[in-house]
Amino acid sequence: MPDLNTPNSKGKTIKDYLPMAARMLLGKENPKEGPVESAVENEQYNSGKPAIDKKKLEEVITTLKDYKAGKANLEARIVEEERWWKLRHWDVIRGKNGRETAQNPEEARPEPTSAWMFNSISNKHADIMDNYPEPNVLPREMADENDAKTLSSILPVVFERNEYEETYDKAAWYKLKHGVVAKGVFWNKELENGLGDIDIRFMDILNIFWEPGITDLQKSRNLFVIDLKDNDLLEQEYPQLKNKLGGQIIEAKQYVHDDNVDVSKKSVVVDWYYKKRTPEGKTILHYCKFCGSEVLFASENEPENYPNGFYDHGKYPVRFDVLFPEEGTPVGFGYIALMKSPQLYIDKLSQVILENSMMSAKVRYLVKKNSGINEDEFLDWSKPVVYYEGDPNNIIPLQVQQVGGSVLNMLQMKIDELKETSSNRDVSQGSSSGGVTAAAAIAALQEAGNKTSRAMIAAAYRSYTQECYLAIELIRQFYDEMRTFRIVGEKGGFEYVQYSNANIKGVPVAPYLGQEMQPGYEQTYRVPVFDVVVKPQKRSPYSKMAQNELAKELYQMGFFNPQLAEQVLTALEMMDFDGEEKVKEKVQQGQTLLNQMMMMQDQMNKMGLIIMELTGKDVLGLTEGAQAAPAGVQKAPQGKSMGSAATDAQKGTMTSYGQKLAERAKPSLENA
């Protein structure tokens, strides 16, 4: 009997043909048609030719060159902005690659490089790092709550293993400078000693190429990522490249470095991601790595290993985070493009002022010819005596006119313009004006002036959310083995949890009776879906102070008094602040505890009344408590205690026969 699991030349087993055979028996399919396959798949299997070969790479390389030509202006802008960032913008102004100086250094004009733009960008960077993100995974169904809670705990661990804070820091600088930053979420099979793990990396926009004209990176037909690698290392890793390296299929754009960077012994390695639609209408993602005209890896050439594409999520593993968006492109512009014009005129006006000051400091003279002055002695300040013949009035010092106040005012206006356009006023750096001296008032002004920073951070959180989704999908696809994570527990201590993709990979949904026999039937799976909510892990000093002040105000207003729980819960419903749910939970716990204590106290009072009725002793001190009642509390009538009044009330409902029974039941302790 043949093995049902043995694949044929097309990679299919007998089980794959059972649904078609059943439909043939029912007369619903023509046996001559055979199984449904795409034309490309048929051609590939029948000819034995791989889908990605050298001929296909020639077309791909042409596409890559077209993509590179489409972003040539963007690459030139990024390289120029990097020179502005390094305070080398005078080289850009002159249009030279190097710093051009006069033959005599004293004759060169001053070229001041003030750091107003640098200061503004560094202040924005500090705002971003003060709000480092942390994910919170939420389930969409109750059955997935445990997995969502575990993912919320292990995702920060996965990001920490990737040193994500350093990546986040570097990406923040790049985004502020150039207006867009790229981060990739990949699966690296070499991590964790070959077990593989998620690899999150910062990526340079100069090395990424997409289809010109699109605004969403996921809608690009192809995505290319290039990297320069040493030829000898490539030959070690890929022996098929031996004696085939040399010459570049594409020239990677380089920054202007202070050092001499030699790339002659390096080759461009291209990671090519592309999307294809299957005959079933599903879009899958394939991946190909090639160098020159040699294919190093192609997932489409291994359909048996990658039936759902390289990544099951079907998305490009690269995410763009844009600062100021532009229409018609997935990238944007940054603060350097916004501030370089005022920075340029600040430095040009400073150049004029410095030049005027230097001219004023170095006195020049008008000397009449044949004035009889010994020029060498006159210019030598070390000689106290200067000999002359003739009239000393023949030497007249030149008067240098000082820079007018309008130039100084214009310089200050340009400085203020740079501060205003970058939303980096003095108050955001701790300075104050207009008589504001109180720390709380300065902090409030700082927070009010951070509207642009909050909007910028919110955009970064949206990008971070997408990175978390990609990480969750990689966990769903590759975490087949149980892994151990050290997490921070609810009480702040370390805990160790184990996790795999067993619960989130997808559970087959059982078909109803006869569904398998219907044409076009495919097995369906229930895949848990999660939502990611981002919150700041680190807070700015102002946020901490505001949160502490809020806690003190709530305490002073009695929000933590369980007797006021109903009013407090009503007030909390109308309030909105971080940690509101925890405060509600504490108030409700206090209310529940108070109700339990009141019920127990009521039961104890009843027990005390019964004991006092039976024994005549007030063991709970009910009478003493009534005598010591505070002012304003009305005592029981006729001078009786509250306990005695309660006893009389009980006796008042008894008949004479009941009173006699109570007297008989009263124990006598006289002979005890």
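Some points to look at:
- A count restricted to the range 204-220 and to residues that are farther than 21 Å from Lys175 by Cβ and either outside any loop (DSSP other than H, G, I, E, B) or touching a strand residue (DSSP E or B) at 6+ places or on another chain (Cβ under 7 Å) (or both) stands at 2.
- Qualifying residue in the range 359-369 (condition: open to solvent by less than 60 Å² (accessible area, probe 1.4 Å) and free of Cβ contacts under 8 Å to residues at least 40 places away in the same chain): no
- Neighbours by Cβ (under 7 Å, 6+ apart or cross-chain): first from the range 324-346, under 17 Å from Ile78 (Cα atoms); second open to solvent by 40 Å² or more (accessible area, probe 1.4 Å) and modelled with pLDDT under 90: Leu338/Thr421; Met339/Thr421
- Residue within the range 402-415 that is touching a Phe, Trp or Tyr at 6+ places or on another chain (Cβ under 9 Å), within 22 Å of Gln351 (Cβ to Cβ), part of a helix (DSSP H, G or I) and among the β-branched types (Val, Ile, Thr) present: yes
- Of residues in the range 198-225 being out of contact with any Leu (no Cβ under 8 Å at 6 or more places or on another chain) and of a type in the set (A, V, I, L, M), the one surrounded by the fewest Cβ atoms within 10 Å (Cβ to Cβ): Ile214
- For the range 474-530, a residue qualifies if it is on the phi > 0 side of the Ramachandran plot and surrounded by 12 or more Cβ atoms within 10 Å (Cβ to Cβ), and exactly one does: Gly506.
- Filtered residues of the range 270-301 (kept if surrounded by fewer than 18 Cβ atoms within 10 Å (Cβ to Cβ), touching a strand residue (DSSP E or B) at 6+ places or on another chain (Cβ under 9 Å) and over 13 Å from Leu57 (Cβ atoms)): Lys276, Arg277, Thr278, Thr283
- Meets criteria (closer than 20 Å to Pro139 by Cβ, out of contact with any His (no Cβ under 7 Å at 6 or more places or on another chain) and assigned to a strand (DSSP E or B)) for Lys535: yes
- Restricting Leu245, Leu234 to residues that are surrounded by 13 or more Cβ atoms within 10 Å (Cβ to Cβ) and modelled with pLDDT under 90 narrows the list to Leu245.
- Which numbered condition Tyr345 misses (of (1) open to solvent by 60 Å² or more (accessible area, probe 1.4 Å); (2) in contact with a Leu (Cβ under 7 Å, 6 or more places away or on another chain)): (2)
- Out of Val270, Val352, one residue alone is hydrophobic (A, V, I, L, M, F, W, C), assigned to a strand (DSSP E or B) and either touching a residue at least 24 places away in the same chain (Cβ under 8 Å) or under 28 Å from His125 (Cα atoms) (or both). It is Val270.
- Cβ-Cβ contacts under 6 Å between residues 6 or more apart (or on different chains), taken from a first residue in the range 613-626 that is of a type in the set (A, V, I, L, M) and assigned to a helix (DSSP H, G or I) to a second residue that is at pLDDT 70 or above and exposed (fewer than 12 other Cβ atoms within 10 Å of the Cβ), are absent.
- Of the residues Phe560, Phe577, the single one that is assigned to a loop (DSSP other than H, G, I, E, B), within 25 Å of the chain's Cα centre (by Cα) and not small (Gly, Ala, Ser) is Phe577.
- The number of residues in the range 227-247 that are part of a loop (DSSP other than H, G, I, E, B) and farther than 24 Å from Arg201 by Cβ comes to 6.
- Extreme residue, most open to solvent (accessible area, probe 1.4 Å), among residues of the range 258-267 that are of a type outside the set (S, T, N, Q) and in contact (Cβ under 8 Å) with a residue 24 or more places away in the chain: Lys265
Conditions (1) within 29 Å of Gly314 (Cβ to Cβ); (2) not aliphatic (A, V, I, L, M), marked per residue:
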position: Arg454; (1), (2): no, yes
position: Tyr461; (1), (2): yes, yes
position: Tyr469; (1), (2): yes, yes
position: Ile475; (1), (2): yes, no
position: Tyr496; (1), (2): no, yes
position: Lys505; (1), (2): yes, yes
position: Arg526; (1), (2): yes, yes
position: Asp531; (1), (2): yes, yes
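- Identity of the residue in the range 279-293, over 28 Å from the mean Cα position of the chain (by Cα) and part of a strand (DSSP E or B), that ends up farthest from Ser220 (Cα to Cα): Cys291
- Tyr306 being in contact with a helix residue (DSSP H, G or I) (Cβ under 7 Å, 6 or more places away or on another chain), at pLDDT 95 or above, aromatic (Phe, Trp, Tyr) and in a loop (DSSP other than H, G, I, E, B): no
- Residue list for the range 179-193, filter: more than 13 Å from the chain's Cα centre (by Cα) and either within 12 Å of Ile205 (Cβ to Cβ) or assigned to a strand (DSSP E or B) (or both): Gly179, Val180, Phe186, Trp187, Asn188
- Tyr255 vs. criteria closer than 25 Å to Leu74 by Cβ and buried (at least 18 other Cβ atoms within 10 Å of the Cβ): no
The values are calculated or read from the model by the stated rules, or taken from the named source; none is laboratory data. Bear in mind that the values here come from a model prediction, so they are computed numbers and not experimental data. Note: ideal-geometry Cβ built from the backbone for every residue, glycine included; neighbour counts use all protein chains shown. With ligands, DNA and RNA removed, areas are computed over all heavy atoms of the protein, side chains included. Shrake-Rupley method; radii C 1.70, N 1.55, O 1.52, S 1.80 Å.
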